[in-house]
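Structure record follows, encoded as structure tokens.
The values are calculated or read from the model by the stated rules, or taken from the named source; none is laboratory data. The structure displayed is predicted, hence computed values, not measured ones. Note that each Cβ is placed from the backbone with ideal geometry, even for glycine, and that neighbours are counted across all protein chains shown.
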Amino acid sequence: MPRTPLDPVHVAVARQLRAHRVPRREPLLAAVSGGADSSALMHALAQLGQRTGVAHVHHELRGAEADRDLDWVQAEARALGLPVFSLRVSALGLDLPDASPEARSRELRYAALEQIRAREGYTWIATAHTLDDQAETVLLRVLRGTHLGGLAGIAPHDSGRHLLRPLLGVRRALLREYLRERGLSWREDATNLDRRVPRNALRADVLPLLERIQPGATEHLAVLADSAREWRSGLEQALVARLDRACRTDEGGLRIDLAELPALESPDGRALLAALLRRVGLSARVTRVHVERVAQFLTCARTGQTLSLPEGHVLARRKDHCWLGVS
């Protein structure tokens, strides 16, 4: 009797969970907005028998439409027999002066998910980032002037923030096919159609054009991210000891011993600065320009001067060292 072929979405999710040693009994919190990607993740985890809870973050930005998203997620989760948790957050009061509204919402969303995870006793937070999201991220960083490490894009896991991304190797179209084949629905967020948002414009216009020029372009960008991540990982292993010598925790940030830094105009110096900025959580928004500004500041700044960096971070020149952290 022929065996029933395994569903490719289930295979991809199960493979990622095994790769990160997440057994089925381990409690996993799925971040579910109601969109197709996160809805497919929720259903796939349930079908695989993974011990799963569902978390929904209400951003209070879309009025009644967001309320309906919350109601929908709660109903779908309960129909699957999954516990569901929600938090309401507002990006309006978040102090990230040079961050986009999307970046503000993202930071609030991750903070809310971590709050639910810690409160309810879950080990990991699973998000529904896809291969298409990876390609979009690489392109966005290229357009914004990233350094080489920025090409690494979205990591499949982030142990420091308890994040897993089991769908990072799966195309968005496959997830919609997965839902349609099962007669399942999802919610559409109208703000995703706003082409004034750079990611939306890449998604709607640029990536389809690249696919017409070169079929497989989306997968090739994701492969580039994997290669860059491998390169960066190897480089950072060599830089860890040097960073540990140059930095120590102080006043909620990092105290930087300038005497321990290599020549900042060298490739090693630039790589060390990029790793330093990633160490304080700035990897997603750091560009080559930021690295250059930090190098110049460390070389030329006088005692008392400060340099503003993304997401509220500040680099301050002290008498015999520099300090990097959130002001």
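Any residue at all in region 241-255 that is of a type in the set (G, A, S), in contact (Cβ under 8 Å) with a residue 40 or more places away in the chain and closer than 27 Å to V314 by Cα?
Yes.
What pairs can you find where one residue is in region 32-46 and β-branched (V, I, T), the other is assigned to a helix (DSSP H, G or I) and modelled with pLDDT of 95 or more, and their Cβ atoms are less than 6 Å apart, with a gap of 6+ or different chains?
So the pair list comes out as V32/S38; V32/M42; V32/V73.
Being loosely packed, with under 13 Cβ neighbours inside 10 Å and part of a strand (DSSP E or B) is the filter here, so list the residues in region 230-261 that pass it.
Within region 230-261, R248, T249 qualify.
Suppose we filter G183, G169 for residues that are part of a loop (DSSP other than H, G, I, E, B) and more than 17 Å from the chain's Cα centre (by Cα); which single one remains?
G183
Could you say whether any residue in region 219-231 is more than 27 Å from A316 (Cα to Cα) and modelled with pLDDT under 85?
yes
Assess whether A30 counts as being touching a helix residue (DSSP H, G or I) at 6+ places or on another chain (Cβ under 9 Å) and either assigned to a strand (DSSP E or B) or at pLDDT below 95 (or both).
yes
Answer yes or no as to whether R293 is under 24 Å from A228 (Cβ atoms) and of a type in the set (K, R).
Criteria met by R293.
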